Protein chains: 2
Amino acid sequence: MTQVERPAVIGRLVVCGVGLIGGSFALALRRAGLVGEVIGIGRSEASLQRAQALGVIDGYTMAWAEALKGADFVLLAMPVGQADAVAARMAPHLEAHTLVTDAGSTKRDMIEAFYAHLGDHLDRVVPAHPIAGAERSGADAAFAELFDDRKVVLTPLAENTPAAIERVAAVWAACGAQIRRMSPQEHDRVFAAVSHLPHLLAFGLVHDLAGRANSEELFSYAASGFRDFTRIAGSHPEMWRDICLANRHALLAELDQYLGELAYLRALLIGNDGPALEALFAEAREARNRWADKAFPS
Amino acid sequence: MTQVERPAVIGRLVVCGVGLIGGSFALALRRAGLVGEVIGIGRSEASLQRAQALGVIDGYTMAWAEALKGADFVLLAMPVGQADAVAARMAPHLEAHTLVTDAGSTKRDMIEAFYAHLGDHLDRVVPAHPIAGAERSGADAAFAELFDDRKVVLTPLAENTPAAIERVAAVWAACGAQIRRMSPQEHDRVFAAVSHLPHLLAFGLVHDLAGRANSEELFSYAASGFRDFTRIAGSHPEMWRDICLANRHALLAELDQYLGELAYLRALLIGNDGPALEALFAEAREARNRWADKAFPS
């Protein structure tokens, strides 16, 4: 993909959902000197006031008609469960020149909402997924460096113009990100495996232990391995509800494959099969460390 | 438990298995000025040579007869699968005054080995489990601060004298640790839940993904959440083989309970049950963050 070296300044940026992702996007574009005015929109006026007080946005509105007037670029960064309602409300007010991207962790459902409501604008609606996050959420957690050297996966629509794709890619790149491209289907399968399933597993383990009569004792002996394993169980419940449901077919396929892996491990334990268990652990360690050394060089 | 403020110096310390745990124990007691001579013993002469070159031990031997001559204190820090063989080899040479403790992550099997071979010495063999570790292993990974503010669980035997328990507790406390006491059965159930199961789950997930035709692509999109979730899959395969097998009854019980949790999550996904999914995630997040804020105050 050709990337514009320095994209044109976005006169008016609209961010829907000024949380960790939306807020960080605004701050990253400010850092790059690539944005004039940032307008927030969302469900909670208190959150938008807070974002404005923090200087993450310049102003806000609760009305799409007002938000989209003269808007050059829209980032949709609300929980993906709101995609359909948001697209429906945007549709009557979206101007001909406005570019739209999103930050949804699942893509097919987001795209369904675009097809359902933004049919006249699909040339300029370029879906994206920034592979970045943190445990904390909300505008207070936003920071300009969130996307630095992180991947952003674009899943362009057949209707997108090359110019729109390039412009959206350039804006994400200006946030510090590395741009990748995939089909929405491939995207959702890949992230079911490496992101959505691990979140489900971590939430499940903590929920299981927290419901025990001796949960206090159990947690008191949990150590740093448990802390790291369960870090993603500190993620935002509504966001993850939406992701899991939006991508539940791919997620169920991954979960079932993993249940097969656990059935195998269970058989090895019952069979007291040391060599097979050690070989499996060694393969996992080798693969994990090879990946981590490359992905997170120290 | 009464703790001696400053324990007497250990003239001759024997460490069996001079890896991360054994080596750090020696370094911690050196730091405390509580050890004269440290003698290593183990399966691999090359590892012992390396530990000596690093200054972790003063010398080593491959023979228990030599190691135990005049030994005041023995730490057993080899993988727990070797417990029976090691106890058998120690038995003929253990002197009347020598105290023994261990660092095994499972306790019942270690204790079985003590009962099988060290019947004449049980008054001075005090089992222990330091809740400390790191991904890296070997003497090169050892450091004196490993046990600082970490829990060490003693699972004393009925045969232990109060003086032996106090002395062993004081030595671990001198390594920087906080001392706790449990029965071996309770210990093994608690750690199956908060440590052994998470390790099994992490090894299993990485093994599952690493065996896919598209594993390279999958890993290329794994991010920091995946890194943290799978950190414990970088643990030592032989050590974890031994732990999983030694504690497989408690571990299978935990795995089966967790499979029940996953069956519930699977039903929520199939039923598209957003409220129940969000409630479960919220409960997990609340429990996880409450624990982490207390256990790891920033």
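Coordinate-derived values only; no laboratory data. All of these numbers come straight from a predicted model, not from anything done at the bench. In this analysis, Cβ positions are derived from the backbone assuming ideal geometry, glycine residues included, and neighbour counts consider all displayed protein chains.
With a/c under 1.5 counting as rounded, go ahead and sort segment B:25-184 into rounded, prolate or oblate using the C-alpha gyration tensor (a ≥ b ≥ c being the square roots of the eigenvalues; past the cut-off, prolate if a/b is larger than b/c, else oblate). Rounded is the answer for segment B:25-184, as its axis ratio a/c remains below 1.5.
Percent of C-alpha pairs per 20 Å bin in the protein assembly as shown, short distances first: 20, 44, 26, 10, 0. In order along segment B:197-207, phi translates into HN-Hα couplings of 4, x, 4, 4, 5, 6, 4, x, 5, 5, 4 Hz, rounded to whole numbers, per the Karplus curve 6.51 cos²θ - 1.76 cosθ + 1.60 with θ = phi - 60° and x for Gly and Pro. Using a simple spin-label model with pseudo-atoms 7 Å out from Cα toward Cβ, A:ALA96 and A:ASP140 lie 4.6 nm apart.
The local environment of A:GLY23, defined by Cβ-Cβ distances under 13 Å, has a net charge of +1 under the rule Lys, Arg +1 and Asp, Glu -1. Measuring against 22 Å, Cα to Cα, the residue pairs A:LYS151/B:LYS294; A:LYS151/A:LYS294; A:LYS107/A:LYS151; A:LYS294/B:LYS294 contain A:LYS151/B:LYS294; A:LYS294/B:LYS294 as the ones spanning a longer distance. For chain A, the longest principal axis of the C-alpha atoms and the axis of helix A:20-31 are separated by about 50°. Backbone amide hydrogens, once placed in the peptide plane, bring B:GLY40 within less than 5 Å of B:VAL15, B:ASP58, B:GLY59, B:TYR60, B:THR61, excluding anything fewer than 5 places away on its chain. In segment B:163-266, Cα pairs under 8 Å separated by at least six residues give a relative contact order of 36 percent. Over the residues of chain B, the helix contribution to mean residue ellipticity at 222 nm works out to -15000 deg cm²/dmol, using -39500 (n - 2.57) for each DSSP H run of at least 4. Averaged over the residues of peptide A:290-296, the number of Cβ atoms from other protein chains lying within 10 Å of each residue's Cβ is 5. Multiplying the residue separation of A:ASP148 and A:TYR115 by 0.36 nm and subtracting their alpha-carbon distance yields 8.8 nm. Distant-in-sequence amide contacts of B:VAL152, defined by a placed amide H-H separation under 5 Å and a gap of 5 or more residues or a different chain, comprise B:ILE131, B:GLN178, B:ILE179, B:ARG180. For chain B, averaging the sequence separation of C-alpha pairs within contact (under 8 Å, six or more residues apart) and dividing by the residue count gives a relative contact order of 18 percent. Relative contact order, whole percent, for segment A:10-182 stands at 25, derived from Cα pairs under 8 Å and 6 or more residues apart. For segment A:162-201, the residues whose backbone nitrogen is under 18 Å from a point 7 Å from the Cα of B:LEU259, taken along Cα to Cβ, are A:201. The distance separating the Cα centre of segment A:56-128 from that of segment A:153-180 comes to 15 Å.
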